[in-house]
Every structure is written in structure tokens, then in C-alpha cells.
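S.K.: Before we start, here is the structure in question, set down as C-alpha cells.
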Amino acid sequence: MFLFNYRYLLLAALAMITISSCSTMSTSSAPENTTNSEAPAPYTLQTADQLSQMKTQIMSLQSQVTSLQNQLNDLRQQQSTLSRYLNVHIQPARVNPIKNTGNSDNTDEARRLYNAGLYAQSIRLLKNADSGSNGSKLAQERMWLLLQSHMRLNNCESVINIGKRFSNLFPQNSQTPNALYQVAQCQTHLQQQDIARTTYQRIISNYPTSNAANKAKHQLKK
């Protein structure tokens, strides 16, 4: 009877131990189920990859900036070295002052060429004389010689332009009536008869006692 009770008590104790163990296991496993049921973190794998790529690009840009800075420093150093070299090894060029030969020498040479029939060469020497320069006697002589050179070459457009300018700048010059007469001749040659007649009349009106006025009267009778 005692043995039966002992067995009964032993079985009861085993049953209680089993129930306690099961309860403990159930309790310990509950947090695991709760953990497994939690929502996934918002930090996804794709976001991590993007951040990693951006970090790599930033590091690459920083490396390029550093390289460019190094190249700039090298260029500055080369420039400084070259500047010192030029200052030391290259002497400044010496420019000999141009001797002022004076317009008279140039005019004499242009006149010599004109008398020799080399009108184009004379024009090249007198190329700056068409403005009348400072209005001096020499400037007037040079402009007149330039006009005659163009007239010899039948450069009528140049004759008209220079002749008109000469007469406007130097109306008191003794050659002005002749300059206007040559202008009128070129205007006639270019089929500008009406304009030429006006020029002839201007000569007669402004310089009535000149030889150019007599020739102008003869032209108007034609």
C-alpha cells in the first residue's frame, strides 16, 4: 500500500515536473514569437547600397579635387621658374630710334619718281598726304603731287576725292583752280556731265582770272 502510494506520489511529482517544464518552455518561447512577429526595420538593403555608392562617389570627387590642386601647384611652380629664367637669360631688346628724315626728303624722292614717270611709286610714298596733314605749305605741296600722280594714272575716283578735298582745305592755293578742273575732267570721263558742268561753273565763279576758268568756259561751250 505504501509502495503504491509512493509510486502514486512519484507519478504525481513527475506529472507536476512535466507540467512545469512545459509551462516554462511555453513562457520562454513567447518572446521569440513576439520578436519574430515584429515589423521589419525601415532601413532596407537598397538604401544601404545607395548610401554606399554616394560615399564612393564623394571619395572619388575628393580625390579628383586633390589631383587638380596638385596640378595647379605644379603649373604655378613652372610659371615661376620660367619667369625667373626669362628675367635672367633674356635681355630686353634694344630698339634703335628711327631717325626723322623729315617730309621734305620724302617729298623730294616722290617728286623725283614723278618726274621719272614712276607714278605708282610716287603714290606709295605720298599715301598719307591725301588728308592735307597740318595744312602747311609742304603738306599742300605733297597733296598736290599726290593728285597729279593719280591724274597721270587716270585714277579718276581718287582724283575726284583728293581734288575736292584739296579745294575745300586750301581754297587760296594757286593750284586749286587746276585741281577743280581735273576733278571736272574726271567727272566727264565717268559720264557725270551735269556734275562736271557744275564744277566748271564753280571754277569760273570763284577763280575768274585763272587759266582753269578759261578752259572751263571752253568746255561749257561744247
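S.K.: Past the 27 Å Cα-Cα mark, which pairs from Lys137/Lys221; Lys127/Lys217; Lys127/Lys164; Lys164/Lys215; Lys164/Lys222?
M.R.: Lys137/Lys221; Lys127/Lys217
S.K.: Could you put Met143, Met59 in order, starting from the residue whose Cβ has the fewest other Cβ atoms within 10 Å?
M.R.: Numbers: Met143 26, Met59 9.
Least to most surrounded, the residues fall as Met59, Met143.
Values in this text are rule-based calculations from the coordinates and carry no lab data. Because the structure is predicted, anything quoted here is derived from the model rather than measured. Because the Cβ atoms are built from the backbone with ideal geometry, glycine has one as well, and the counts that use them run over all protein chains shown.
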